[in-house]
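The values are calculated or read from the model by the stated rules, or taken from the named source; none is laboratory data. If you're wondering where the values come from, they're calculated on a predicted model, not measured in any experiment. Positions of Cβ are backbone-derived with ideal geometry, glycine not excepted, and every protein chain shown enters the neighbour counts.
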Amino acid sequence: MGFAERKVGDVATDLISRARAGDGEAFRRLTEPYRRELQVHCYRMLGSLQDAEDTLQDTLLAAWRGFGGYEQRASLRTWLYRIATNQCLNTRRSAARRPAKAWDVPNVEPPEPTRLGEVVWLEPIPDLLLEGPEARFEQTESISLAFVTALQTLPPRQVAVLILRDVLEFPAAEVAGMLDTTVESVKSALKRARAGLRQVHGRERPPAAGSAAENAIVARFVRAWESADLDALLTLLTDDITLAMPPIPFEYEGQDVVRRFCAGIFGAGRRFELVPTRANGQPAFGAYLRGADGVSHGTGLYVLSLAGDRISAMTRFENGVLDAFGLPRSLPSR
């Protein structure tokens, strides 16, 4: 071991000793490097950014209160993931998830939905929270809306095992220790979870983020949406396009019903301005309804899922998520 490694180890040992003695600043310095990746972990398990933040706070509080019992048998990161995962499991077992909301868009009568979505608490996560050391885990669409939504439909312990093993790549023995179970149980849960997620895969892969191909699709979508050009919009959509709008449970599938839905939204002269951002590794837009007062008012956030050179899904979230993306609630109309 070199001098630099010994020095880093000595600093960590000193911080651990101080934190055990009740030094809150030492505890903060120990845990801060893991805060963002723990938040992303909680988001994957819970599907809600607000729930993830609340559960992260519970995790850090539990870790602080229990730090005297941290015996360094596992790395600090593993120990924190154990606490965070079990806090998430407690949250998922709770009935206090965000309820479904009734349709509330004035002067718009929506078509009959294809189905009613179950994951009404789903929220997007800003790409800014996915930057940093944990970004390597954002491969193979492991943070996409489709993946996160599918996770919410699996049994909680299967979700925990799948994320810890396939996304975060913890060894099976460590996962068993985190969940107080056996390696065989972990392997069995992982097999069932993978089977439950098969429907997420199989689509044509999206173009690379920020690529010319992605930019071209995004530009065409903005032009079509801002000009309320339904025909141009349809040329961008896959035949089996899906549209969802949590916490409103209505979901639509197929070009015909999505066209009718968009025609209703654009009706009565409603026109929008879109402000680009990114969510879940996907193109996203703050949507602003142009008002007669010369102000465009934020109505929500749209997230696009791409397959090849087309849009395979559109998800609309309410305007309460704009703040997390640093987007204003209103802006001057162009």
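If you go through the range 272-283 one residue at a time, do you hit one that is surrounded by fewer than 16 Cβ atoms within 10 Å (Cβ to Cβ), at negative phi and out of contact with any helix residue (DSSP H, G or I) (no Cβ under 8 Å at 6 or more places or on another chain)? No, the range 272-283 contains no residue that is surrounded by fewer than 16 Cβ atoms within 10 Å (Cβ to Cβ), at negative phi and out of contact with any helix residue (DSSP H, G or I) (no Cβ under 8 Å at 6 or more places or on another chain).
How many residues, within the range 125-144, are modelled with pLDDT of 95 or more and either surrounded by fewer than 20 Cβ atoms within 10 Å (Cβ to Cβ) or over 17 Å from Leu56 (Cα atoms) (or both)? Spell out the reasoning first.
First, the residues of the range 125-144 that are modelled with pLDDT of 95 or more: 125-126.
From what's left, either surrounded by fewer than 20 Cβ atoms within 10 Å (Cβ to Cβ) or over 17 Å from Leu56 (Cα atoms) (or both): 126.
Result for the range 125-144: 1.
Out of the residues in the range 91-109 meeting the condition of being polar (S, T, N, Q) and more than 30 Å from Val257 (Cβ to Cβ), tell me which one is surrounded by the fewest Cβ atoms within 10 Å (Cβ to Cβ). Spell out how you get there, then give the answer.
Keep residues of the range 91-109 that are polar (S, T, N, Q), which gives 91, 94, 107.
Subsequent filtering for residues that are more than 30 Å from Val257 (Cβ to Cβ) retains 91, 94.
Working: Thr91: 20, Ser94: 9.
Across the range 91-109, the extreme among qualifying residues is Ser94.
For the range 230-285, the set of residues classified as under 15 Å from Leu301 (Cβ atoms), in contact with a Lys or Arg (Cβ under 8 Å, 6 or more places away or on another chain) and not in a strand (DSSP E or B) consists of Pro247 only.
A count restricted to the range 177-215 and to residues that are surrounded by fewer than 13 Cβ atoms within 10 Å (Cβ to Cβ), assigned to a helix (DSSP H, G or I) and touching a residue at least 40 places away in the same chain (Cβ under 8 Å) stands at 1. Figure legend. Inter-residue proximity from the range 75-93: first residues without any contact (Cβ under 8 Å) to a residue 24 or more places away in the chain, second residues buried (at least 23 other Cβ atoms within 10 Å of the Cβ), beta-carbon distance below 9 Å, spacing 6+ or different chains. Indicated pairs: Trp79/Ala63; Asn90/Thr55.
Taking helices (runs of 4 or more DSSP H) that fall entirely within the range 1-90, which contain at least 1 residues that are crowded, with 16+ Cβ neighbours inside 10 Å, over 20 Å from the mean Cα position of the chain (by Cα) and modelled with pLDDT of 95 or more?
Filter on the range 1-90 gives 24-46, 49-65.
The one condition from (1) free of Cβ contacts under 8 Å to residues at least 40 places away in the same chain; (2) in contact with a Gly (Cβ under 6 Å, 6 or more places away or on another chain) that Ser296 does not meet is (2).
Within the range 308-318, how many residues are surrounded by fewer than 20 Cβ atoms within 10 Å (Cβ to Cβ) and either of a type in the set (Ser, Thr, Tyr) or at pLDDT 95 or above (or both)?
From the range 308-318, those surrounded by fewer than 20 Cβ atoms within 10 Å (Cβ to Cβ) are 308-310, 312, 316, 318; that's our starting set.
Okay, now just the ones that are also either of a type in the set (Ser, Thr, Tyr) or at pLDDT 95 or above (or both), so 310, 312, 316, 318.
Of the residues in the range 308-318, 4 are surrounded by fewer than 20 Cβ atoms within 10 Å (Cβ to Cβ) and either of a type in the set (Ser, Thr, Tyr) or at pLDDT 95 or above (or both).
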